[in-house]
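J.: Before I ask anything, here is the structure I am working with.
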Amino acid sequence: MSQEALFNAIRNEDKEQLRTILKSEPGLINATDPRGSTPLLLTTYYGLEDMAAILIGEGADVDARDPSGNTPLMGVCFKGFTGIASLLLEHGADPNAINGNHGTALIYAATFAKPEIVKLLLEKGADKTAKDNRGYTALDHAKMQDAKEVISLLEA
């Protein structure tokens, strides 16, 4: 088995192949593809919750970073994958991790108007006062998007 086979199993949503590869080569759990994504980052990007659960169960780094410093949790906040966000947070993902632009999961959830994820992040201790590299907080981003429900959550 190879690293390429691992990433293909993920892209093809082949859970059995994923398990087989990880059983034979557990060291691939946090390997990176040519773009710098780990298997968990890739599953979260595609919204593959079952695949993400397998990887987390096998010990994938829930705070792995892509070359821009984005974590799996940040990625699901862009896309609104609430189930995966919950899974990551339940397994210790850092809600206050900061990427290269000083963005946080909460800032992205607010920017993309994802109230359920904002609520989850706040319950897990996300810092409402964190500022990105432009000096904006999650609340500032929510206001720019006129995301009323998110604004209410952040002002509470």
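The values are calculated or read from the model by the stated rules, or taken from the named source; none is laboratory data. These numbers were taken from a predicted model, which means no experiment stands behind them. Cβ coordinates were reconstructed from backbone atoms using ideal geometry, including for glycine residues, and neighbour counts include every protein chain displayed. Ligands, DNA and RNA are stripped out before the accessible areas are found, and what is left, the full protein with its side chains, is counted by its heavy atoms. Shrake-Rupley method; radii C 1.70, N 1.55, O 1.52, S 1.80 Å.
J.: Looking at Asp50, Asp132, which one is touching a Ser or Thr at 6+ places or on another chain (Cβ under 9 Å), closer than 20 Å to Ile10 by Cα and either touching a residue at least 12 places away in the same chain (Cβ under 8 Å) or surrounded by 20 or more Cβ atoms within 10 Å (Cβ to Cβ) (or both)?
T.: Residue meeting the stated conditions: Asp50.
J.: While we're on this one: Mind checking which helices (runs of 4 or more DSSP H) fall wholly inside segment 1-73 and carry at least 2 residues that are over 22 Å from His91 (Cα atoms)?
T.: In segment 1-73, the matching helices (runs of 4 or more DSSP H) lie at 3-11, 15-24.
J.: In this structure, is Pro95 surrounded by 19 or more Cβ atoms within 10 Å (Cβ to Cβ), part of a loop (DSSP other than H, G, I, E, B) and free of Cβ contacts under 8 Å to residues at least 40 places away in the same chain?
T.: For Pro95, the condition - surrounded by 19 or more Cβ atoms within 10 Å (Cβ to Cβ), part of a loop (DSSP other than H, G, I, E, B) and free of Cβ contacts under 8 Å to residues at least 40 places away in the same chain - is met.
J.: In addition: With within 23 Å of Thr38 (Cβ to Cβ), in contact with a Cys (Cβ under 7 Å, 6 or more places away or on another chain) and not β-branched (Val, Ile, Thr) as the only criterion, which of Ala64, Ala109 stands out?
T.: Exactly one residue qualifies, and that residue is Ala109.
J.: OK, next. Conditions: (1) crowded, with 20+ Cβ neighbours inside 10 Å; (2) assigned to a loop (DSSP other than H, G, I, E, B); (3) over 16 Å from the mean Cα position of the chain (by Cα). Asp127 meets all but one. Number of the miss?
T.: Looking at each condition in turn, Asp127 falls short on (1).
J.: Report, by residue number, each residue of segment 41-91 that is touching a Phe, Trp or Tyr at 6+ places or on another chain (Cβ under 9 Å) and of a type in the set (Lys, Arg).
T.: Across segment 41-91, the qualifying residue is only Lys79.
J.: Out of all the residues in segment 139-156, which are open to solvent by 70 Å² or more (accessible area, probe 1.4 Å) and either free of Cβ contacts under 8 Å to residues at least 24 places away in the same chain or of a type in the set (A, V, I, L, M) (or both)?
T.: Lys143, Met144, Asp146, Lys148, Ser152, Glu155, Ala156 - these are the residues of segment 139-156 that are open to solvent by 70 Å² or more (accessible area, probe 1.4 Å) and either free of Cβ contacts under 8 Å to residues at least 24 places away in the same chain or of a type in the set (A, V, I, L, M) (or both).
Residue-by-condition table, conditions (1) basic (Lys, Arg); (2) more than 26 Å from Ala126 (Cβ to Cβ):
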residue: Ile10; (1), (2): no, yes
residue: Lys15; (1), (2): yes, yes
residue: Gly36; (1), (2): no, no
residue: Ala60; (1), (2): no, no
residue: Pro67; (1), (2): no, no
residue: Phe78; (1), (2): no, no
residue: Ile84; (1), (2): no, no
residue: Thr104; (1), (2): no, no
residue: Ile107; (1), (2): no, no
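J.: Please work out if Glu58 is in contact with a Pro (Cβ under 9 Å, 6 or more places away or on another chain) and either buried (at least 24 other Cβ atoms within 10 Å of the Cβ) or under 26 Å from Glu4 (Cβ atoms) (or both).
T.: For Glu58, the condition - in contact with a Pro (Cβ under 9 Å, 6 or more places away or on another chain) and either buried (at least 24 other Cβ atoms within 10 Å of the Cβ) or under 26 Å from Glu4 (Cβ atoms) (or both) - is met.
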